[in-house]
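Working notes for the structure below.
The values are calculated or read from the model by the stated rules, or taken from the named source; none is laboratory data. It should be emphasised that the depicted structure is a prediction, and the values quoted were computed from it without experimental measurement. Virtual Cβ from ideal backbone geometry, glycine too; neighbours counted across all protein chains shown.
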Amino acid sequence: MTKGITQKQSSQRRSVVLIIGGLVLMWLLTASILAAFYRTSVDNFSAEAKDRILVNTQYFARNQSQLTNAKLNELDSTLRALSYIASAPGIPDQDIQGIFLLRRQVSPEIADFLLLDPSGQIRIWTRGNDEPVPEVSDRGYFRVHLEQPSEQTFLSSPDLARTTESRPFIALSRGLYSPDGEFLGVLAMALDIERLANTLGGVTEIDGVSTVLADLYGSLLFRRPFREYEPGQTLESIAGYGGNPPERASFVVDSPFDGVTRQVSFQRLENWPWVAFVGADLATPKAAIERFQFTERLRLIVLLGVFSVMFASVAWLTWRRMQSEQALMDDIVQRKAVEERLAWQANHDALTGLPNRMLFYDRLNHTLRRSSRSRRSFGLIYIDLDGFKAVNDQWGHTAGDQLLQEVAKRLQDSVRGSDTVARLAGDEFVILADQCGLEEAQALAEKVLSALTETIVLPEQEVNISASIGLAVAPLDGDSADGLIKAADKAMYFAKNTGKGKVAKTGDVVGPSIA
């Protein structure tokens, strides 16, 4: 016995060791899987976050480029139109100035129009009379047309206005020439950089997103959020291309303006020597990645901490889950049964179990459509019981209900499986005899009449009734549900008014057919 106990204890110890060893191995395996999953999940989330912000900056840069290009094209078209007016002979300067003032009111980014004579002196400008007239003959927007005559529009670098406010501006200018090529001066459109930035900054009115416009050599035009001291500074990230940057590019850079690390994408303008930059602060996705890492790390720790308890709970959880699923299935079955019962009750007569008026009309309309396609006729038999009221009055409503149930049974026993028997109301029944002509429908109606005239044995008495039956055949007697019902109803009333207990066709009422 001792040997047996020892063997049993040894066996139990081996079992415990095997179980503990298995749990340890499974813990190590699970820990390795969870750690790998953690690394993969964090790496995927980080890649998705970075890809998302890269795609967003590329999208915004493209939109910013298109918006800026469209605005410059619009301003260039305005400048071209006004240059024709300014160079046309015979127009008084006062009228030209009035046109300039009107156009300036349309575009808030236009600070001034300047019409310069061949020596670079201001002939017309849109400032008030109290503003001193500055010297601008040394400005690039004048010198370029004086020294290199061309009909191309010139786009200047940013500069400070020589006015009382001294705000940063850029200029669009066109040389003015007579028909024989004589230099007549320059028309310049001064664009207030801050107002232009407000006009073009709507694409990136998003937290953490900044917009920069620069020329091809990296000279900054403006940045949003706007600061007056920034125009004219150099962007090293674009200056390194030597005036020939690629059409588009993306990179991560520490901003030289505020030191913020951003994902930057730029896009060259299609028709102008500018580059549109859009930068998104990487602090937001970095914080999201760190939060995700913390959450995933916490999840890993919790999973490893409760792993041993989970094994002990597996059987119980499985059993509970089985019970829950069974309860759910029972609930679904019961609910389905209730739904089917309600659907049946909505379409059937509660007393006789026959289709009610709604279901009958549905089947009648369906049969009419099918008959129209197949050109096959069908019959409609309208039945009104004779003597039913007397049974109700003499024996009570219980006997009346029992009579109606027996009538429904006899009607169903008299028809084919493809026919429909329905109770319309009270003691009125109708039979939809599918795919039959007048003779077949007549025979079926006579069969029904014969079945109804036989003595009906109720639980407490025997009764005898008959029926007045009207017969209509589609499409001969009607091609609509209401028309066919009306025809059969008229025939039924004809049978009732001419002696009851008989079958009447529509032809008996109005001749060979009724529509």
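Quick notes on this one:
- Subset tally (residues that are more than 23 Å from residue 360 (Cβ to Cβ), in contact (Cβ under 8 Å) with a residue 40 or more places away in the chain and surrounded by fewer than 20 Cβ atoms within 10 Å (Cβ to Cβ)) for segment 384-401: 3
- Selection count where residues are more than 34 Å from the chain's Cα centre (by Cα), assigned to a loop (DSSP other than H, G, I, E, B) and not hydroxyl-bearing (Ser, Thr, Tyr), scope segment 242-269: 11
- Exactly one residue among 75, 28, 18 is surrounded by 10 or more Cβ atoms within 10 Å (Cβ to Cβ), farther than 30 Å from residue 293 by Cα, among the hydrophobic types (A, V, I, L, M, F, W, C) and modelled with pLDDT of 80 or more, and that residue is 75.
- When we screen 276, 280, 288 for residues that are hydrophobic (A, V, I, L, M, F, W, C), modelled with pLDDT of 85 or more and surrounded by 12 or more Cβ atoms within 10 Å (Cβ to Cβ), the only hit is 276.
- Listed by position, the strands (runs of 3 or more DSSP E) inside segment 426-515 whose residues that are farther than 21 Å from residue 363 by Cα and touching a residue at least 60 places away in the same chain (Cβ under 8 Å) number at least 2 are 466-474, 503-505.
- Qualifying residue in segment 449-466 (condition: at pLDDT 90 or above and either surrounded by 22 or more Cβ atoms within 10 Å (Cβ to Cβ) or among the aromatic types (Phe, Trp, Tyr) (or both)): no
- Count of segment 245-263 residues which are in contact (Cβ under 8 Å) with a residue 60 or more places away in the chain and farther than 19 Å from residue 274 by Cβ: 1
- Exactly one residue among 257, 251, 222, 294 is at pLDDT 80 or above, of a type in the set (Phe, Trp, Tyr) and touching a strand residue (DSSP E or B) at 6+ places or on another chain (Cβ under 7 Å), and that residue is 251.
- As for segment 370-379, it holds no residue that is in contact with a Lys or Arg (Cβ under 7 Å, 6 or more places away or on another chain), assigned by TED's automatic domain parsing to the domain that holds residue 419 and at pLDDT 85 or above.
- Within segment 364-383, the set of residues being surrounded by 18 or more Cβ atoms within 10 Å (Cβ to Cβ) and either under 41 Å from the mean Cα position of the chain (by Cα) or of a type in the set (Ser, Thr, Tyr) (or both) comprises 364, 367, 368, 377, 382.
- Verdict on residue 413 being modelled with pLDDT of 90 or more, part of a helix (DSSP H, G or I), surrounded by fewer than 18 Cβ atoms within 10 Å (Cβ to Cβ) and of a type in the set (D, E, K, R): yes
- Residue 327, sole failed condition from (1) modelled with pLDDT of 80 or more; (2) part of a helix (DSSP H, G or I): (1)
- Some residue of segment 111-130 being crowded, with 17+ Cβ neighbours inside 10 Å and either of a type in the set (Phe, Trp, Tyr) or within 43 Å of the chain's Cα centre (by Cα) (or both): yes
- Any chance residue 140 is surrounded by fewer than 18 Cβ atoms within 10 Å (Cβ to Cβ) and either among the polar types (S, T, N, Q) or within 16 Å of residue 221 (Cβ to Cβ) (or both): yes
- Flag for residue 161 being touching a residue at least 40 places away in the same chain (Cβ under 8 Å), surrounded by fewer than 21 Cβ atoms within 10 Å (Cβ to Cβ) and assigned by TED's automatic domain parsing to the domain that holds residue 275: yes
- Candidates are the residues of segment 131-160 that are under 52 Å from the mean Cα position of the chain (by Cα) and polar (S, T, N, Q); the one that is farthest from residue 79 (Cα to Cα) is 157.
This table checks each residue for (1) hydrophobic (A, V, I, L, M, F, W, C); (2) outside the structural domain of residue 218 (by TED's automatic domain parsing); (3) under 23 Å from residue 200 (Cβ atoms); (4) touching a residue at least 40 places away in the same chain (Cβ under 8 Å).
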{"residue": "78", "(1), (2), (3), (4)": "no, no, yes, yes"}
{"residue": "84", "(1), (2), (3), (4)": "no, no, no, no"}
{"residue": "93", "(1), (2), (3), (4)": "no, no, no, no"}
{"residue": "97", "(1), (2), (3), (4)": "no, no, no, no"}
{"residue": "103", "(1), (2), (3), (4)": "no, no, yes, no"}
{"residue": "113", "(1), (2), (3), (4)": "yes, no, yes, yes"}
{"residue": "124", "(1), (2), (3), (4)": "yes, no, no, no"}
{"residue": "137", "(1), (2), (3), (4)": "no, no, no, no"}
{"residue": "155", "(1), (2), (3), (4)": "yes, no, yes, yes"}
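- Test result for residue 484, in the same structural domain as residue 388 (by TED's automatic domain parsing), hydrophobic (A, V, I, L, M, F, W, C), within 21 Å of residue 368 (Cβ to Cβ) and modelled with pLDDT under 90: no
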